Amino acid sequence: MSTEVADTTNLSEKKDFLVNSSSLKDVRSFSREVFEKFKINEELREELVLAIAEAAQNIVKHAYKDYPDTQDRMAVRISCTDKELEISFFDKGKPVEKSKVKHRAIDDVKPGGLGTFFIQEIMDSIKFKEGDKPWINNLVLTKKL
Amino acid sequence: MTYKVTEEGDASTVFLDGEIDMDKTEGAKEVIFPLIDAGKNVNLNLSNVQYMDSSGISVLIESHQKALEKGTKLIIKDVSKSVLKVIMMAKLEQILNLE
């Protein structure tokens, strides 16, 4: 389900997805469509799509690590003013332990541990919040435009 | 993701395409790893891969390291601009064999 709220200065779109790796392509498609509508330049658009996909992947891999067959849904909301982009993620998985969210040392080359690094490289801020009911986790990413 | 494999001498070339994410990595490993295990040098052609996330990058690292262990070589060829950007963001352009 997708909802849209738009006026001349503030745009916002939200959509929910099944928490599953097969949904990641749909998360990317949604993000690309929204960024095109918001007229975000193409180079930045693909970076933002990567950051969003990595955050959604973290929900699948970590918040639902023990529930690969869950039927729960996660939601992604993309909001844009003329100065800032805010991307929010909502899920009902295991509560995020902020102290455990870190990427591997970038010069310690090994598989894994890069998703959070990519998000940090692309976005200006990352905030983990408790979600308002029914959500458990609410991740908020921002980027100045 | 679809793939094609061609053989020439002791080298195999794997052509991947589409978008490589967490959902596609097992498929990519199933194609690449047996070739490395068989002692082949592997060329990985990514000219038709338009998108790769951290899971895809992990496959490149794992394949590269596996090839080093086996005494073979993994060469990543014809990387698209968008995938090269992700490889560079991961600071791997000096680690992986790119051509």
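The values are calculated or read from the model by the stated rules, or taken from the named source; none is laboratory data. All values reported here derive from a predicted model rather than from experimental measurement. A quick note on method: Cβ atoms are made from the backbone with ideal geometry, for glycine too, and the neighbour counts reach across all protein chains shown.
Computed values, structure above
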read-out: Single residue of B:ILE87, B:ILE36, B:ILE57 found to be more than 14 Å from every other protein chain (Cβ to nearest Cβ) and either part of a helix (DSSP H, G or I) or in contact with a Gly (Cβ under 7 Å, 6 or more places away or on another chain) (or both); value: B:ILE36
read-out: Selected residue (only one of B:SER63, B:SER12 is within 14 Å of chain A (Cβ to nearest Cβ), surrounded by 17 or more Cβ atoms within 10 Å (Cβ to Cβ), outside any loop (DSSP other than H, G, I, E, B) and hydroxyl-bearing (Ser, Thr, Tyr)); value: B:SER63
read-out: Residue ID - modelled with the lowest pLDDT, chosen from residues in region A:1-56 that are of a type in the set (Gly, Ala, Ser) and over 27 Å from B:GLU26 (Cβ atoms); value: A:ALA6
read-out: Failed item, numbered, when A:PRO134 is tested on (1) within 29 Å of B:LYS91 (Cβ to Cβ); (2) out of contact with any strand residue (DSSP E or B) (no Cβ under 8 Å at 6 or more places or on another chain); (3) away from chain B (no Cβ under 11 Å); value: (1)
read-out: Condition met for B:VAL42 (touching a strand residue (DSSP E or B) at 6+ places or on another chain (Cβ under 6 Å), part of a helix (DSSP H, G or I) and away from every other protein chain (no Cβ under 14 Å)); value: no
read-out: Qualifying residue in region B:56-66 (condition: within 22 Å of A:GLN57 (Cβ to Cβ), over 13 Å from the mean Cα position of the chain (by Cα) and acidic (Asp, Glu)); value: no
read-out: Out of A:GLU42, A:GLU46, sole residue that is within 23 Å of B:GLY56 (Cα to Cα) and surrounded by fewer than 17 Cβ atoms within 10 Å (Cβ to Cβ); value: A:GLU42
read-out: Region B:15-30 - residue that is crowded, with 19+ Cβ neighbours inside 10 Å and more than 14 Å from every other protein chain (Cβ to nearest Cβ) and, of those, farthest from A:LEU114 (Cα to Cα); value: B:PHE15
read-out: Pair list, Cβ under 8 Å, 6 or more apart: region A:43-59 residue more than 26 Å from A:GLY93 (Cβ to Cβ), other residue of a type in the set (Ser, Thr, Tyr); value: A:GLU46/B:TYR51; A:GLU46/B:SER82
read-out: Any hit, region B:71-83, residues being within 10 Å of chain A (Cβ to nearest Cβ) and touching a residue at least 24 places away in the same chain (Cβ under 8 Å); value: yes
read-out: Count of region A:58-88 residues which are buried (at least 16 other Cβ atoms within 10 Å of the Cβ), of a type in the set (S, T, N, Q) and under 24 Å from A:ASN41 (Cα atoms); value: 2
read-out: Unique match (being touching a strand residue (DSSP E or B) at 6+ places or on another chain (Cβ under 8 Å), under 30 Å from B:LYS29 (Cβ atoms), aromatic (Phe, Trp, Tyr) and at pLDDT 95 or above) among A:PHE118, A:PHE89; value: A:PHE89
